[in-house]
Amino acid sequence: MSNQILVVGDIIIDSYLVGSAERISPEAPVPIININNEKLALGGAGNVVNNLLAFGAKVDLVSVIGNCINASVLLNLLKEKNISTKFLIEEKERIASKKTRILSSNQQILRYDQEIIKDISTDSSNKLLELLEKNLSDYKIVVISDYGKGIMTKNLTSQLIKLANHKGVKVLVDPKGIDYSKYTGAYLLTPNKKEASLAINLKIDDNNLLDASRKLKNDYQLTYSIITLSHKGIAVFKNNLKILPTSAKEVYDVTGAGDTVIAALAYMLSLNKTVEEAVKFANIAASIVVAKIGVATASLEEIYPKEHNIKSLEDIKDIINSLKKKHQKIVFTNGCFDILHLGHIKYLEEAKRLGDVLIVGVNTDMSVKKLKGSNRPINSELDRVYLINALKAVDYAILFNEETPYELIKCIEPDVLVKGADYKTEDVIGSDLVKSVHLIDLVEGKSTTKLISKINNDY
């Protein structure tokens, strides 16, 4: 089984007509919008795929489309994103859904939809089940993106969940409607508070959230019960209730936020992260998306921004995968950086010029003591990694606990490994793991040891 994710559900075209409103219509009390830009994007299950691709995930899409003009537009949008169409089934009488939003001054003025909501045919459903039976074992996670447009019929949905459970594949569902019985047996659902209230026939508030979460889990035989709580975060229940707070600071547009949440959960679970870790990641991703206009995605670079100090090999792997898919040249170096000085700055600036992204490994306090003695370091590991990460030349800083960075280099697989010119290339730890080793001349007279000696002697 790979770490691939399979998204099944309704694909929608999201159209944005952007313009300016400078006067009111004489015909009715409504603004006149002068349209100057049109943007087309994948919505529904397509937006879930977009979010997963932004994380660097491996993903395929299963859906049913028609042979209408909107279907042609969908295929072009999929092609532009390099999304495979091998699992798309054509149903001649079907019309693809299109949502058109009119925006002015970053505000949505109006939305109108073009669609015919109709269940897919029995023939299409049977073709999908045959396709899923044949290919489901190739995936680790299935995401059901149900927008109620007719793809996820009760029979297809329940059969898909049974099939996935039989094959040991987790099913995550973004549900629709008030009858959740077709989702019985899924790993988790992601309703918001209003949706969950309607599904379990109980108005959910802070006082009964635990009971509601337990009822949702038990009624539909879920492994986890998850309820999104808007600005309050996400509630998670298995044996006890946890509310993980959101990170949102500004909210401009909640369009597609649910797609981001379920994509983020699927992505992290495909990497064998815990549900709690996945929810924390989803909260950050959603907070980034709602601060943008229209259907949007969050990249790993946005989720792990410069000020975020990554402290484990597992965490940095996601970023490395994303960088390599973009063919970024990665440079790595390491050190104690106990008292930051001009020599360090010049060294790191030169290292950054050797590639696109500079990652710096910083020895933990325990590691420094092993290398330098019990009276070192002068500055704590958190102080040192924060200072290094704050430098303009440094893209990412990461702590490592070992005496050498060999395992870290093995994880990162940089294109260029950098050390000071006081080393010989063959003596550089990790030189056997990289394409190139570059030695940089040190600034004469600048070192932490000399600074410490000067302080002790002069002060």
(request) Might you check whether a residue that is closer than 27 Å to residue 319 by Cβ and either free of Cβ contacts under 8 Å to residues at least 12 places away in the same chain or over 18 Å from the mean Cα position of the chain (by Cα) (or both) occurs anywhere in the stretch 203-224? (result) yes
(request) Return the total of residues in the stretch 395-412 being of a type in the set (D, E, K, R) and under 20 Å from residue 350 (Cα atoms). (result) 1
(message) Condition check: surrounded by 15 or more Cβ atoms within 10 Å (Cβ to Cβ), out of contact with any strand residue (DSSP E or B) (no Cβ under 9 Å at 6 or more places or on another chain) and among the polar types (S, T, N, Q). Does residue 82 satisfy that?
(response) no
(message) Taking the criterion of being among the aromatic types (Phe, Trp, Tyr), in a loop (DSSP other than H, G, I, E, B), more than 20 Å from the chain's Cα centre (by Cα) and over 20 Å from residue 124 (Cβ atoms), would at least one residue in the stretch 140-155 satisfy it?
(response) no
(message) Can you find a residue that is charged (D, E, K, R), within 24 Å of residue 274 (Cβ to Cβ) and not in a loop (DSSP other than H, G, I, E, B) anywhere in the stretch 164-180?
(response) yes
(message) Just checking, does the stretch 55-64 include any residue being over 26 Å from residue 20 (Cα atoms) and over 24 Å from the mean Cα position of the chain (by Cα)?
(response) yes
(request) Look through 55, 87 and report the one residue that is under 23 Å from residue 264 (Cβ atoms), surrounded by fewer than 19 Cβ atoms within 10 Å (Cβ to Cβ) and not acidic (Asp, Glu). (result) 87
(request) For residues that are buried (at least 16 other Cβ atoms within 10 Å of the Cβ) and either under 23 Å from the mean Cα position of the chain (by Cα) or basic (Lys, Arg) (or both), tally how many sit in the stretch 10-40. (result) 6
(message) Given the criteria farther than 21 Å from residue 291 by Cα, in contact with a helix residue (DSSP H, G or I) (Cβ under 8 Å, 6 or more places away or on another chain) and surrounded by 19 or more Cβ atoms within 10 Å (Cβ to Cβ), does residue 7 qualify?
(response) yes
(message) Just checking, does the stretch 241-252 include any residue being modelled with pLDDT of 80 or more, in a helix (DSSP H, G or I) and either outside the structural domain of residue 144 (by TED's automatic domain parsing) or within 28 Å of residue 164 (Cα to Cα) (or both)?
(response) no
(request) All but one of (1) touching a residue at least 40 places away in the same chain (Cβ under 8 Å); (2) closer than 19 Å to residue 262 by Cα; (3) surrounded by 19 or more Cβ atoms within 10 Å (Cβ to Cβ) hold for residue 183, so report the exception by its number. (result) (1)
(request) Consider residue 459 carefully, then state whether it is closer than 23 Å to residue 364 by Cβ and among the hydroxyl-bearing types (Ser, Thr, Tyr). (result) no
(message) Being of a type in the set (Val, Ile, Thr), surrounded by 15 or more Cβ atoms within 10 Å (Cβ to Cβ) and out of contact with any helix residue (DSSP H, G or I) (no Cβ under 9 Å at 6 or more places or on another chain): is that true of residue 73 here?
(response) yes
(request) Check whether at least one residue in the stretch 269-281 is assigned to a helix (DSSP H, G or I), surrounded by fewer than 18 Cβ atoms within 10 Å (Cβ to Cβ) and at pLDDT below 75, and report yes or no. (result) no
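The values are calculated or read from the model by the stated rules, or taken from the named source; none is laboratory data. Computed from a prediction, not measured in an experiment: that's the story for all the values here. Cβ: placed from backbone, ideal geometry, glycine included. Neighbour counts: every protein chain shown.
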